[in-house]
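This report refers to the structure that appears directly beneath it.
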Amino acid sequence: MQQHHLRNVEILHMENLTQALSAGRGAVLSSGHFFASRLARRYLATIGFPALSVRRPAPPDGKAGRLGMRFLQKRYVALVGRALGDWVSNQDPDCSLKMLARLRCGGLLDCHVDVAFSKDVVSRKILGREKRFAAGFLHVAKLAGSPLVPIYRAGNSRRLRIEFGPALRLTDAADRRSFVETNLTAVIRILEEHIKRDPAGYDLWIRW
């Protein structure tokens, strides 16, 4: 995708991202599953901000049926892989090391926090319901000394909006559980705000 293919793009508070990156320790873009996420990720890559994504290469799909899982899912997964660009499988034994390497060279990670595939998964309430969240990205960010930058993405190829929130500096704690409790709470609160802003653009209602 070339940059000129998207003419109506609004980017707000880019300074939040550039300031977070200025320390040379990279940054983690934290967000949820919104329909505009892949398009925004590709667009940011064209303007000099490529990000490494972590994905599940063969996600379960209870709505696909046997026919869909047998004949269509592989093609769909391949299409998503091309759309994402640079990514690493969560099943790769070196996944965490590759994430850490990207941050330590000053790069970006793009992490959807509303997933439950991680070695470290916790249950938290969001919008009044108990959901499971991955917490592994927090430990990687801590090791790298990287901030989290909330990113809000909405719209489509006709009108795309990308907004960066103020960077979140991770708060240390006495143990892993307390560390996750403190920092994930702030991340989920921001995700909840994003969903309320654009409920029609959120991709995971079917799993609620």
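Output the residue which, of all residues in segment 141-157 that are hydrophobic (A, V, I, L, M, F, W, C) and out of contact with any strand residue (DSSP E or B) (no Cβ under 7 Å at 6 or more places or on another chain), is surrounded by the most Cβ atoms within 10 Å (Cβ to Cβ). Before you say what the answer is, go through the steps one by one.
Residues of segment 141-157 hydrophobic (A, V, I, L, M, F, W, C): 141, 143-144, 148-149, 151, 154.
Now restrict to residues that are out of contact with any strand residue (DSSP E or B) (no Cβ under 7 Å at 6 or more places or on another chain): 143-144.
Numbers: L143: 13, A144: 21.
Ranking the candidates gives A144 first.
Which one of R177, R161, R124 is touching a Phe, Trp or Tyr at 6+ places or on another chain (Cβ under 6 Å) and either in a strand (DSSP E or B) or farther than 26 Å from H13 by Cβ (or both)?
Numbers: R177 fails: touching a Phe, Trp or Tyr at 6+ places or on another chain (Cβ under 6 Å); R161 fails: touching a Phe, Trp or Tyr at 6+ places or on another chain (Cβ under 6 Å).
It is R124.
Given (1) within 25 Å of L39 (Cα to Cα); (2) surrounded by fewer than 13 Cβ atoms within 10 Å (Cβ to Cβ); (3) among the aliphatic types (A, V, I, L, M); (4) at pLDDT below 90, where does A200 come up short, assuming only one miss?
Unmet for A200, out of (1) within 25 Å of L39 (Cα to Cα); (2) surrounded by fewer than 13 Cβ atoms within 10 Å (Cβ to Cβ); (3) among the aliphatic types (A, V, I, L, M); (4) at pLDDT below 90: (4).
Restricting attention to segment 91-99, does a residue exist that is surrounded by 13 or more Cβ atoms within 10 Å (Cβ to Cβ), under 21 Å from F164 (Cβ atoms) and modelled with pLDDT of 90 or more?
yes
Whether any residue in segment 124-132 is at pLDDT 95 or above, more than 17 Å from the chain's Cα centre (by Cα) and not acidic (D, E) is what I want to check. Before you say what the answer is, go through the steps one by one.
If we filter segment 124-132 for residues that are at pLDDT 95 or above, which is where we start, we get none.
Within segment 124-132 (the criterion being at pLDDT 95 or above, more than 17 Å from the chain's Cα centre (by Cα) and not acidic (D, E)), the answer is no, since none of the residues qualifies.
I'd like the full set of residues that are outside any strand (DSSP E or B), in contact with a helix residue (DSSP H, G or I) (Cβ under 7 Å, 6 or more places away or on another chain) and within 21 Å of C95 (Cα to Cα), limited to segment 10-48.
The first filter runs over segment 10-48 and keeps only residues outside any strand (DSSP E or B), leaving 13-26, 32-33, 35-48.
Going one step further and asking which of them are in contact with a helix residue (DSSP H, G or I) (Cβ under 7 Å, 6 or more places away or on another chain), we end up with 25-26, 32, 35-36, 38, 41-42, 46-47.
Within segment 10-48, R25, G26, G32, R38, R41 meet the criteria.
With the condition kept exactly as written, say whether any residue in segment 180-197 is buried (at least 18 other Cβ atoms within 10 Å of the Cβ), at pLDDT below 95 and part of a strand (DSSP E or B).
no
Looking at F133, is it in contact with a helix residue (DSSP H, G or I) (Cβ under 7 Å, 6 or more places away or on another chain), surrounded by 13 or more Cβ atoms within 10 Å (Cβ to Cβ) and over 13 Å from V28 (Cβ atoms)?
Details: in contact with a helix residue (DSSP H, G or I) (Cβ under 7 Å, 6 or more places away or on another chain): yes; surrounded by 13 or more Cβ atoms within 10 Å (Cβ to Cβ): yes; over 13 Å from V28 (Cβ atoms): yes.
Considered against the rule, which asks whether it is in contact with a helix residue (DSSP H, G or I) (Cβ under 7 Å, 6 or more places away or on another chain), surrounded by 13 or more Cβ atoms within 10 Å (Cβ to Cβ) and over 13 Å from V28 (Cβ atoms), F133 comes out as yes.
Here are H33, H5: which of them is out of contact with any Lys or Arg (no Cβ under 6 Å at 6 or more places or on another chain), at pLDDT below 95 and loosely packed, with under 15 Cβ neighbours inside 10 Å? I'd like the intermediate steps shown before the answer.
Numbers: H33 fails: loosely packed, with under 15 Cβ neighbours inside 10 Å.
H5 is the lone residue from the list that is out of contact with any Lys or Arg (no Cβ under 6 Å at 6 or more places or on another chain), at pLDDT below 95 and loosely packed, with under 15 Cβ neighbours inside 10 Å.
Among L204, L127, which is the only one that is on the phi < 0 side of the Ramachandran plot and aliphatic (A, V, I, L, M)? First the steps, then the outcome.
Values: L127 fails: on the phi < 0 side of the Ramachandran plot.
Sole residue among the options that is on the phi < 0 side of the Ramachandran plot and aliphatic (A, V, I, L, M): L204.
The values are calculated or read from the model by the stated rules, or taken from the named source; none is laboratory data. As the structure is a computational prediction, the values presented were derived from the model and not from experiment. A quick note on method: Cβ atoms are made from the backbone with ideal geometry, for glycine too, and the neighbour counts reach across all protein chains shown.
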